[in-house]
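Asks: One structure follows; several queries about it will come next.
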Amino acid sequence: MLTKDKIHQLVDHMPDTFSVDDIVGEIILLQKIEIARKQVKEGDFLTDEELEKEIDKWD
């Protein structure tokens, strides 16, 4: 979950001027990273081998 502190850090690392699209894009990216970290922590991911097997099923 995003926190005000994480958003503040994000804004602090942005250039002095930026567009709304820039900040929204960065917030979305940060949210996706947070989700991925949570999934890895909970073991909710595929190993390389599992992924290869899933891809093979697509053919």
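Asks: What's the angle, to the nearest 10 degrees (0 to 90), between helix 48-57's Cα axis and the longest principal axis of the chain?
Replies: 70 degrees
Asks: Kindly provide the Kirkwood hydrodynamic radius of the stretch 8-59 in Å, to one decimal, from all pairs of distinct alpha carbon atoms.
Replies: 13.7 Å
Asks: Student exercise: in the chain, how many lysine pairs 8 or more apart or on different chains have Cα atoms under 23 Å apart?
Replies: 8
Laboratory data are not the source of any read-out in this text; all were calculated from the coordinates shown. All values derive from a computational prediction rather than experimental measurement.
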